[in-house]
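Notes follow the structure.
The values are calculated or read from the model by the stated rules, or taken from the named source; none is laboratory data. Remember, predicted model here, so these are calculated numbers, not experimental data. The protein model used for the area step is the full one, side chains on, heavy atoms only, and it has no ligands, DNA or RNA in it. Shrake-Rupley method; radii C 1.70, N 1.55, O 1.52, S 1.80 Å.
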Amino acid sequence: MTFFIALGILVILSVVSFFLPLKRDLKFYLGQAFLGVIAVVYLLVTCSASVPTGHIGLIYSFGALSGQKGEGLQFVAPWQTVKYASIQTQGKKFEKMMSFSSETQQVTVTATINVRVIPDHIRDLYRTVGDDYFNVIVAPRVLQAFKDETVKYSSIDIAPKREVIRGAVRDKLAAELQENYSILVTDLLIDDISFGDEFEKAIEEKQRQT
């Protein structure tokens, strides 16, 4: 809208000055040419966007998401705007996720996940989910995946099966997120596994006895 207003002002100034009873000399025509140069420069500036490295330029036409552009200098139509969406790997640490073992013993897991969006499909993700896709899509699935996996094991088996649990959760999330949302899981780490105070005390007591 700003582009059309500014361009309209330039056109009006040019037309008005042309019909005014002014002397048609070299200065007049130079002034007309100057206005034309300003219009061209303004057109080039407003119709270009520099998409940062590691980002995709999402193109909006009259408020609707209509396309996307890659990194670097890109040209867009005057009625279009550009918003930048990151396709870089982002990581998030989940502190003390509550889960349970097969005998309903409380299990607390701290884990870190790294994800990134497939560039060719980020437009569809933003259209269907929005820019807060991590909290909307990824985070709840991480919590549920750990709950679904730890409940398969007894409390004493969870720590020894730590790597098995990590692999199962990672594979489940990778398959679901990539197939449905074009989100790649690049890594998943289990930082810590702990249990309820009573269970921890029982383990410590058993270790002292042995």
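Whole-Hz Karplus values for region 145-159 come out as 5, 5, 4, 5, 8, 5, 5, 7, 10, 6, 4, 6, 9, 5, 4 Hz, taken residue by residue from phi with 6.51 cos²θ - 1.76 cosθ + 1.60 and θ = phi - 60°; glycine and proline positions read x. Near V51, the amide H atoms lying under 5 Å from its own belong to G72, L73, Q74; only residues 5 or more places off or on other chains count, and H is placed 1.01 Å from N. For the residue pairs K152/K172; K92/K172; K93/K147; K83/K172, the C-alpha atoms sit more than 20 angstrom apart in K83/K172. Here the 3J(HN,Hα) profile of region 95-102, calculated from phi with Karplus coefficients 6.51, -1.76 and 1.60 at θ = phi - 60°, is 8, 6, 6, 8, 9, 9, 8, 5 Hz, Gly and Pro shown as x. If you sort F62, F94, F100 by accessible surface, 1.4 Å probe, largest first, the order is F62, F100, F94.
Amide H contacts of K69 (H built 1.01 Å from N, in plane; Pro and chain starts excluded): G57, L58, I59 sit under 5 Å, all sequence-distant by 5 or more or on other chains.
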